[in-house]
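Notes follow the structure.
The values are calculated or read from the model by the stated rules, or taken from the named source; none is laboratory data. A quick note: this is a predicted structure, and the numbers were derived from the prediction, not measured. Heads up, the Cβs are rebuilt from the backbone with ideal geometry, glycines too, and the neighbour counts pull from every protein chain shown. The protein model used for the area step is the full one, side chains on, heavy atoms only, and it has no ligands, DNA or RNA in it. Shrake-Rupley method; radii C 1.70, N 1.55, O 1.52, S 1.80 Å.
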Amino acid sequence: MAELTAFGYHPGDSVLHRLDPRFKLVCLIATSLTVLDSGMAALGLWSAACAILLVKTGVSMPRLLRELRYFGVLILFVFVARAFSAGGDPLVRFWGIGPSRQGMMEGALVGWRLGLVVLLGLSLMATTRSWQVKAAVESLLRPVPFIPHKRAATMIGLLFRFIPQILSAARETADAQKARGIGNRRNPVFRLVKLAVPLLRKTFLDADRLAAAMEARCYTEDRSTPPLSAAAGDWSFLAAVCALSAVAWVLSRL
Amino acid sequence: MNILEADRLSHRFPDGSMGIHEIGLTLRKGSFTVLAGPNGSGKTTFLRHLNGLLMPTSGEVRIKGVPVREDPRRARRLVGMVFQDADSQIVGETVYDDAAFGPENLKLDRREIHRRVLAALDAVGMSGLAGQRPHLLSGGEKRRLAIAGILAMGSEVVILDEPFSNLDYPGVRQVLGAILDLHSRGRTILLSTHDLEKTIAHADRLLLMEKGRIVADGRPGAVLGQTERYGVRRPCAVRWGRAVESWLN
Amino acid sequence: MTVYAALMAALIAAGAYIAVPVGPVPIVLQNMFVLLAGLLLGWRWGPAAVAVYLLAGVCGLPVFAGGTGGIGRLAGPTGGYLLGYLPAAAAVGWISQRAENRTFLDVAGLIVGTAIVYLCGVPWLKMVTGMSLSKSLAVGMVPFLLGDGLKIVAAAAIAKAIRPVIRKDSGAAATHEYSRS
Ligand SMILES: Nc1ncnc2c1ncn2[C@@H]1O[C@H](COP(=O)(O)OP(=O)(O)OP(=O)(O)O)[C@@H](O)[C@H]1O
Ligand SMILES: [Mg+2]
């Protein structure tokens, strides 16, 4: 079931797999900040870097793209909306409106940014085990006051393992209902309820079983997982990301 | 020596219905017991009391003399459980991580964890799959992985809830082999099923459950005659008046 | 409860990718799951689930609507909506805990929750973009009201169906009690 989505963990031994999860998180926070206000040139740079790292993780590219096709539709939607609404001179006209050159550029830019952020997030999820995420969040939150960092970290770790499960359950439910002709029902409330109720029921029951299985194996929040240790390689990766961010920043402001 | 004792165990669900009723059971160390009963007879509910996943409304379970209620963590360490559903008991992202989950919770040191995990995976014949994603395994492999997880924790009693559901013939043989191997190493086995055919040849005791009560208890040969009265099919061989053969032969 | 809250947070996050096509526009389930977090988990754990979701988003996971993530998003024009999810889930949870399964009170709670999201979201939008109030309303609220109405009705019906599944005595609910003891 869970193996059907691109969002799960893929075992491997690439650069990203070996990187200290704390550094991965920090880098992801930094890059998703810069990516969202990058220009074309900087985006090209980021995409190249991201693509190289992703290829090295061993996640199969065609499958990844197939997985993201729904998301692709969304990006297309954003692109079209921008293209038509951004003003400027329309290139062609239908019924008085049309995509302008400016709008198309802008739409492409926004779509590209969104796509890249998703890919960055995916590469974290594909190469990091949930206990590593938990450990990283825990150690990063420790200095922040007023947050129960252990509990928060446990929950983030669990969130990581639930997301792929939920997505595949959602797809299964939707497919089963398509097969039974839900497309013929027009009432949107009916369709919402009919999708969400089985999905929630299934995921809550799964969560129940998972919790029982964890508890049966003596689960505690305080476990002896391997210690996180930052090696020279981690620092140089961080330095590389910072350098890239700086270059991207300069490029977007030229 | 009795390793596990349950005393007049009853459980009432929050909605008022009775899950199990006044169950008494003692398990001898190193025994192999099969618990049979139709769907909804309360097998799962009963088994979940034995490691403190459910607490009884009245009655008590003791593991090596210590009540579960006093120390549920100890009970869970000593009594390992393989669940009915193969998928939702996977807790790790790789086969290795999954087997290491229990020992990590026990806060053992890394070297000891590593040693135990390798030994456990080896014991169920899965050493070659350590780096795999567990969700990609076959049904039989998933069950064996669950058994390895318990082995690595060092449990002395192994409870298996319907370990053969959804398995094909090779799957059944693999899992049965792993269970018998555990038994031969001195583990106490308690296994629930509604299909006696696959296991009864190896069991030394058979319990029948119906509507939350234990209605028959004894050596398989003695109890097999009354199974169908309680909605459990007798193995074919017994119907033909022969001894049940092992599925491994 | 820890597990349920984490699960609800995951549902909110995954909700950014689950859409029901209604006519030409897909309805995204995300904000409906926020309301459901309040309805199903109550006024403490509902917002906790939202907080975990926001934390995951801040870490850069692509879990915000439209598949974005990052702190930048929280500070951006739509950040107010995201932050508004917190008090909204709390309010929905608080009201529904007092409603004891009376549907009209649940619905009232849902309306209050939705209103809170806009109360946080629209002024924020106005502030960040410098639009006039009426323009902000026209862009940041009016187009979504119909969808929100549908989601409120759906959420009430869903909560009714799911509540029996969430048992207080089940393993997931018990996990943190044991791990504390
Ligand atoms: N939380 C609960 N609240 C109310 N009734 C419950 C609950 N859990 C289980 N039951 C009921 O208790 C009875 C016994 O269930 P149990 O799962 O123990 O049966 P089982 O023997 O394991 O059946 P199966 O062979 O299907 O696994 C069933 O009728 C079930 O509906
Ligand atoms: Mg059962």
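The table for this structure:
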quantity: Condition met for A:Leu200 (modelled with pLDDT of 85 or more and at the interface with chain C (Cβ under 10 Å from one of its Cβ atoms)); calculated: yes
quantity: Residue list for the stretch C:30-78, filter: at positive phi and at pLDDT 85 or above; calculated: C:Gly42
quantity: Qualifying residue in the stretch B:106-116 (condition: surrounded by fewer than 19 Cβ atoms within 10 Å (Cβ to Cβ), more than 16 Å from ligand 1 (Cβ to nearest atom), on the phi < 0 side of the Ramachandran plot and assigned to a loop (DSSP other than H, G, I, E, B)); calculated: yes
quantity: Checklist (1) open to solvent by 40 Å² or more (accessible area, probe 1.4 Å); (2) within 12 Å of chain A (Cβ to nearest Cβ); (3) under 20 Å from the mean Cα position of the chain (by Cα) applied to B:Ser138, failing item; calculated: (2)
quantity: Test: A:Leu25 is open to solvent by less than 60 Å² (accessible area, probe 1.4 Å), of a type outside the set (D, E, K, R) and in contact with a Cys (Cβ under 6 Å, 6 or more places away or on another chain); calculated: yes
quantity: The one condition in (1) surrounded by fewer than 20 Cβ atoms within 10 Å (Cβ to Cβ); (2) more than 9 Å from chain C (Cβ to nearest Cβ) that A:Phe190 fails to fulfil; calculated: (2)
quantity: Subset of the stretch B:36-61 (residues that are aliphatic (A, V, I, L, M) and more than 10 Å from ligand 2 (Cβ to nearest atom)); calculated: B:Ala36, B:Leu50, B:Leu53, B:Leu54, B:Met55, B:Val61
quantity: Of all residues making up the stretch B:146-162, the number that are within 11 Å of another protein chain (Cβ to nearest Cβ) and of a type in the set (D, E, K, R); calculated: 1
quantity: Filter result (more than 19 Å from B:Gly218 (Cα to Cα) and either under 12 Å from the mean Cα position of the chain (by Cα) or aromatic (Phe, Trp, Tyr) (or both)) within the stretch B:184-208; calculated: B:Arg187
quantity: Breaking point among (1) touching a residue at least 12 places away in the same chain (Cβ under 8 Å); (2) at positive phi, for A:Ala207; calculated: (2)
quantity: Residues of the stretch C:133-169 that turn out to be within 16 Å of ligand 1 (Cβ to nearest atom) and either within 17 Å of the chain's Cα centre (by Cα) or more than 7 Å from chain A (Cβ to nearest Cβ) (or both), as a count; calculated: 6
quantity: Residues located in the stretch A:165-182, provided they are surrounded by 11 or more Cβ atoms within 10 Å (Cβ to Cβ) and at pLDDT below 80; calculated: A:Ile182
